[in-house]
1. Once the label point is set 7 Å along the Cα-to-beta-carbon vector, what list of distances in nm do you get between A:S217 and its counterparts in the other copies?
2. Tabulate in residue order the Karplus-calculated ³J(HN,Hα) for segment B:98-109, using 6.51 cos²θ - 1.76 cosθ + 1.60 with θ = phi - 60°, rounded to whole Hz; enter x for Gly and Pro.
3. Kindly give the distances from A:L131 to its copy-mates, label point to label point, with each label point 7 Å from Cα along Cα→Cβ, as nm values to one decimal ordered shortest first.
4. Using +1 at the C-beta of Lys and Arg and -1 at the C-beta of Asp and Glu, which of A:F151, A:A108, A:A83 has the Cα lying farthest in the positive direction of the dipole of segment A:79-162?
5. Cα gyration tensor of chain A, axes a ≥ b ≥ c as square roots of the eigenvalues: rounded (a/c below 1.5), prolate (a/b > b/c) or oblate?
6. What are the ³J(HN,Hα) couplings of segment B:164-174, residue after residue, when phi is run through the Karplus curve with 6.51, -1.76, 1.60 and θ = phi - 60°? Round to Hz, x for glycine and proline.
7. Put the label 7 Å from Cα along Cα→Cβ for A:T38; what are its distances to the other copies, in nanometres, shortest first?
8. What does the charge count around B:G79 come to, taking other residues whose C-beta lies under 12 Å from its C-beta (Lys +1, Arg +1, Asp -1, Glu -1)?
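What follows draws every value from the coordinates through simple rules; no lab data is involved. Note that the structure is predicted; figures quoted are calculated from it, not measured. Reconstructed Cβ throughout: ideal geometry from the backbone, glycine too, with neighbour counts over all protein chains shown.
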Number of protein chains: 2
Amino acid sequence: MAREPMTTSTEAQTAVATSKSQRAYAWLHERIVTREYTPGYRLVLAAIAAELDMSVVPVREAIRRLEAQGLVTFERNVGAHVAMIDDSQYRHSMGTLALLEGAATALAAPHLTEADLRRAREVNRRLVAGLDDFDPHAFTALNQEFHAVLFAPCPNPRLLELVTTEWARLGRLRDSTFTFVPGRAQESVREHEEIVRLIEAGAPPADVERAARAHRSATLAAYLNHEHPGAHA
Amino acid sequence: MAREPMTTSTEAQTAVATSKSQRAYAWLHERIVTREYTPGYRLVLAAIAAELDMSVVPVREAIRRLEAQGLVTFERNVGAHVAMIDDSQYRHSMGTLALLEGAATALAAPHLTEADLRRAREVNRRLVAGLDDFDPHAFTALNQEFHAVLFAPCPNPRLLELVTTEWARLGRLRDSTFTFVPGRAQESVREHEEIVRLIEAGAPPADVERAARAHRSATLAAYLNHEHPGAHA
DNA sequence: CGCAGCGTGATCATATACGATCCGAGCGCC
DNA sequence: GGCGCTCGGATCGTATATGATCACGCTGCG
């Protein structure tokens with residue numbers, strides 16, 4: 001079969017097994033989700049190829065995948081841009097996230113350990129601590145962490161995959177980071193507390209799901225009522 | 001393998017406005033969802049390119065997109081295969097579909113017209129009629145149509161997108177078409193009837209959602225018990 | 001209205017994996 | 001003990017993916 005039994009073959013493989021199109025994909029994905037490339041940013045194939053020291057071919061493949069994933073929009077003969085969602089798409093995506101995350105949290109609840117719950121409470125405490133002297137960016141990050149802790153042990157990997165995708169999608173909103181609605185913060189952390197309490201008390205999955213879903217939905221509603229006006233002042 | 005002479009390239013196709021990679025994508029997508037290319041089928045780039053009269057480059061881009069969508073698996077230096085899901089993935093995907101479709105149906109309910117409901121009933125009648133003299137393939141198709149009618153007017157396009165994706169995914173099960181469990185059919189059509197009744201009666205969205213979700217979950221449970229009794233927890 | 005930039009796709013060169021063939025050793029049979 | 005059969009393993013060949021370069025055409029801008 002192979003000319004070398006398997007030792008050298010395996011060794012050599014593991015060292016350089018990553019293809020260029022893989023590298024391009026990972027690189028671009030990273031830039032997009034971290035918002036280093038903000039929504040609407042024009043992606044020039046040749047420039048990216050040059051930066052990564054490869055030709056345009058692997059870059060195009062990477063962008064096709066990102067397109068299928070919804071992170072990039074592609075226009076024939078024009079080029080690629082980092083995807084940008086409008087308020088309507090944001091609303092729909094957030095509604096979907098509420099659904100997915102609510103279910104994931106309910107499914108994960110029985111598998112949460114004491115340590116997990118302590119961690120969730122700790123994160124929520126940090127959220128409370130940040131309520132005065134407010135930093136939207138930090139709040140958003142902690143908020144995500146809180147939810148991630150709660151649904152992480154969900155036994156349905158497909159569901160987790162969709163939740164992740166939806167998060168990435170929501171991050172394509174033009175301005176601001178993720179969601180943050182000033183008046184919502186206090187209410188939000190209270191709901192967090194309530195969700196943890198329900199889980200700890202061993203509430204029925206349906207109750208946990210309803211609470212988690214309602215929490216996201218309320219955030220969405222607040223966002224729509226409050227933050228709708230045009231961009232900056 | 002001899003290369004194709006490829007004498008003329010600047011004729012004939014100029015009328016079509018769609019790019020070649022688009023055409024390749026659509027063509028492959030079609031073949032896969034119709035199960036003309038069954039799960040596990042090896043996709044050879046050069047062969048597809050020859051069939052579509054193009055080079056491998058657009059085909060590769062198309063396959064990358066299909067990969068991101070989960071319809072195709074890609075292995076470095078080995079090639080692409082039509083994605084194949086195992087029972088575990090099927091279970092998770094079906095659970096997710098129950099969730100998504102349940103919500104979509106509940107959201108769509110208020111927008112269903114008389115005609116929609118008539119159509120749903122008609123489709124279900126055809127399902128009932130097919131109970132004796134059984135054709136799993138036809139039953140599956142009608143079953144999908146029934147559900148599609150009910151959630152079509154769902155105002156959340158993102159949700160519909162995910163439902164569609166999940167359907168395509170479920171179709172990647174190696175054997176048989178979609179789901180069909182012999183003993184389930186009668187029960188299934190009764191539940192269909194009940195769902196339509198709930199919607200017609202203007203039941204609360206939560207009730208519609210619960211019924212639609214439970215219907216799919218029951219189908220899944222029956223599938224698991226029948227096809228793999230006592231599998232998993 | 002022409003020029004420049006850039007996306008699109010074909011061709012070519014290279015790397016890698018899989019399969020076929022061939023060689024030599026172990027082993028049973030005469 | 002000699003002969004042939006079979007099987008493990010290496011070498012080579014071919015099929016195929018991967019990526020670079022080049023030619024062409026569209027689009028936008030002056």
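1. Here the equivalent label points are 1.7 nm apart from this one.
2. Whole-Hz 3J(HN,Hα) from phi for segment B:98-109: 4, 4, 5, 5, x, 5, 4, 5, 4, 5, 7, 3.
3. Computed spacing set for this position: 5.8 nm.
4. Looking along the dipole axis, the top candidate is A:A108.
5. Oblate, because a/c is 1.5 or more while a/b does not exceed b/c.
6. 4, 4, 5, 4, 4, 5, 5, x, 7, 5, 4
7. Copy-to-copy label distances for A:T38: 5.3 nm.
8. Local charge sum for B:G79: +1.
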